Amino acid sequence: MKFYYFHLMPYVMEHDEPSSWVTLSNRSYDPKAGQRLYHQYLDQLEYAESLGWDGLCVNEHHQNCYGTMPSPNVMAAMLVRRTTRAKIAILGNGLPLRENPLRLAEEIAMLDVVSGGRVISGFVRGISAEYFSTGVNPTHSRDRFYEAAELILRAWTEPGPFPFDGTFYRYQYVNPWPRPLQQPHPPVWCPSQGSSETVEWAAKRRFPYLMVFTPVKRIAQIYGEYREACERSGYAASPYQLTVNVPIVVAENDAKARAIAEKHVMWVFNTGLRMHPPFWRPPGYMTEASLRRFLENPPPLPSDLTFEQADAQGYIVYGSPATVRDKLRVFSDELRAGIVCSGMNGGSHEATLEMMQLFAEEVMPFFREDAAVDETAGVGR
Amino acid sequence: MPVRRADAPEPERRDLDVRGTSVRMLSGGAGPDLVFLHGAGGAGRWLEFQARLAERFHVRCPSHPGHGGSPAAEWIEHISDLAFHYLDLLDTLRLERVHLVGASFGGWIAAEVAVMASHRLASLTLIDPVGIKVDGWIYPFLFGMDIPEIVQTVFHNPMAALALAPPDQSVDTLAFQYRQGAAIARVSWNPYLYDPLLRRRLARITTPTLLCWGAHDRLAPVEPCAQAWVKEVPGARLRVFADSGHVPHVEEPAAVAAAIAEFCGGIR
């Protein structure tokens, strides 16, 4: 199994506002504290590479304390020059949120060239709240996503210049310099929440599918749908097309790990993902079929999730090294996921570094049968 | 509390095909032809306002595509698409000239129709319309509000909101509401609730125009919104309803219906 270190770069704070997104005033953001946090977070990502993690993940979210990376490409740019081996996975760029997605084709190609072909390019729609922060019409989200993806893929693979005449994006000259180093283009991943339309779209193109903060049962269901969709497209999914993103807490014993998880991981759900209800469901963001599927079996709101629920449903992996190894076997053996993305938070920068080291020494080596495999070979393009 | 009058006859329900787009319509009454374009949440309602109008007019209340459980029309991408759709509806019903009444979002559509084809209108009544950019005013963003906040913004008397409340919380009802929200968002998310081109075009309206406005409208307040419409629509008359917010036809249905009847009577 491959291990990717995933960072949200949260601005951890407590507050009584109804929403940590969109309306939480940025007066609460202290830039001096932010400077310290950014450096600690980047140090953690760089440290992950030195400890043996295979990939380093950044991502895009806007106007919240949950994750302070409105531009993941800026963070990726900082990492490519400070690392030499690890993949740099941008999970992902919110394609529909851009007015000029050709700029994304250019930025990713720049990163790919500078990094020597280490970039993984996640394509996402952006979560619901993003449509309140950017002003983009959520009823256009899906169509803009598909159109921007097509534009970017063509910009990377077809010799320019050529014209592109879409519904949302139009260019007389598509001819980006530089071209990406990886051929035919950097691997594309689809982090998603399991809508059947996206599963089908990703499977058809061999784009790895990533489930973020999802109960294990639901991951199993969506993975099943993805594998079936791959078969309909005439091939069997590689394990490296199935990625799971789960927070991991490892400590010297189960009780210590549980205490850390209850405090620091639950902050992500209960506070970081606290959202004014309308921000969860902008009109037209979901298809009506997806909405009905959601309403027939609604999961608890993250802000209402209790630790016991999160634990029982497999939202979190925590424990001693031995316990964490056992729990990860569920992902490697039962779900047959090839890649685990996880962030860690020990409660302080130093405690986080120690936790990372413990994981790298006591957990990771037990899952290294595939150490010689390049997980990006033949997938994502 | 607006209720349908006990002695009022039931409206007739019809499904129409308007150039390939299916439309649900309620109609009733006798007299000059009047078409009412509803606002958000007003589809398929035949309340006291409609019943009162039906005493004087042949009233037709079509639901906008995607509203009130009717199928969405994917071709509708812009507010002017809805205006053309209603010109098509007039043609389908063979109505040469009608009294056109629109409330809120429906008022916006009615104004778009009027700048295109005033000659098809015997009169135009706009009830707290949105649709133009008003200097010094930004419409509160209803899409970002929960139900209590919406009620607070739209109604002067919150009890009046019960008339527009959904029948239940079933998956079907919630899915219909979602479809309705999407149909509105498609044409009004950004720019929010206005067409940047409309304001300058209002001078083209040659139809006698009545503006009905709730004195306590918090979505589009009399000052500055109603005043902007008075300034732009040639000869428009303004009637303000003292006990209403954004939906005076729901909050003071008898008074608004009477004002419309009186205005239209004065024209003939």
Any helices (runs of 4 or more DSSP H) falling wholly within the range A:269-356 and containing at least 1 residues that are away from chain B (no Cβ under 14 Å) and farther than 23 Å from residue A:223 by Cβ: A:307-312, A:321-329
Failed condition for residue B:182, given (1) surrounded by 14 or more Cβ atoms within 10 Å (Cβ to Cβ); (2) within 24 Å of residue B:218 (Cβ to Cβ); (3) touching a residue at least 40 places away in the same chain (Cβ under 8 Å); (4) aliphatic (A, V, I, L, M): (2)
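In the range A:1-22, how many are surrounded by 17 or more Cβ atoms within 10 Å (Cβ to Cβ) and either assigned to a loop (DSSP other than H, G, I, E, B) or more than 14 Å from chain B (Cβ to nearest Cβ) (or both)?
Taking the range A:1-22 and keeping what is surrounded by 17 or more Cβ atoms within 10 Å (Cβ to Cβ), we get A:1-11, A:19-22.
Applying the additional criterion that residues be either assigned to a loop (DSSP other than H, G, I, E, B) or more than 14 Å from chain B (Cβ to nearest Cβ) (or both) yields A:1-11, A:19-20, A:22.
Selection size over the range A:1-22: 14.
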Test for residue B:208: is it in contact (Cβ under 8 Å) with a residue 40 or more places away in the chain and more than 9 Å from chain A (Cβ to nearest Cβ): yes
Test: residue in the range B:68-91 that is buried (at least 23 other Cβ atoms within 10 Å of the Cβ) and at pLDDT below 95: yes
Of all residues in the range B:227-242 being out of contact with any strand residue (DSSP E or B) (no Cβ under 8 Å at 6 or more places or on another chain) and in contact (Cβ under 8 Å) with a residue 40 or more places away in the chain, the one that is farthest from residue B:114 (Cα to Cα): B:228
Set A:236, A:259: member being at pLDDT 95 or above, within 29 Å of residue A:143 (Cα to Cα) and away from chain B (no Cβ under 14 Å): A:236
Residue within the range B:85-93 that is assigned to a helix (DSSP H, G or I), within 14 Å of chain A (Cβ to nearest Cβ) and either within 25 Å of residue A:134 (Cα to Cα) or within 18 Å of the chain's Cα centre (by Cα) (or both) present: no
Unmet criterion (only one of (1) outside any helix (DSSP H, G or I); (2) within 14 Å of another protein chain (Cβ to nearest Cβ); (3) surrounded by 15 or more Cβ atoms within 10 Å (Cβ to Cβ)) for residue A:379: (2)
Matching residues, the range A:228-257, being surrounded by 16 or more Cβ atoms within 10 Å (Cβ to Cβ) and out of contact with any helix residue (DSSP H, G or I) (no Cβ under 8 Å at 6 or more places or on another chain): A:238, A:239, A:240, A:243, A:245
Criterion: away from chain B (no Cβ under 14 Å), modelled with pLDDT of 95 or more and within 30 Å of residue B:140 (Cβ to Cβ) - qualifying residue of A:132, A:145, A:168, A:162: A:145
All positions within the range A:61-105 that are closer than 26 Å to residue A:160 by Cβ and in a loop (DSSP other than H, G, I, E, B): A:71, A:98, A:99, A:100, A:101
Extreme residue, surrounded by the most Cβ atoms within 10 Å (Cβ to Cβ), among residues of the range B:129-138 that are away from chain A (no Cβ under 14 Å) and over 18 Å from residue B:34 (Cβ atoms): B:131
Unique residue being charged (D, E, K, R) and within 18 Å of the chain's Cα centre (by Cα) when the list is B:81, B:168: B:81
Answer residue from the range A:139-175, given it is aromatic (Phe, Trp, Tyr) and over 21 Å from the mean Cα position of the chain (by Cα) and is surrounded by the most Cβ atoms within 10 Å (Cβ to Cβ) among those: A:156
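The values are calculated or read from the model by the stated rules, or taken from the named source; none is laboratory data. This one's a predicted model, so the numbers in the text were calculated from it and none came from an experiment. Backbone-built Cβ (ideal geometry, glycine too); neighbour counts: all protein chains shown.
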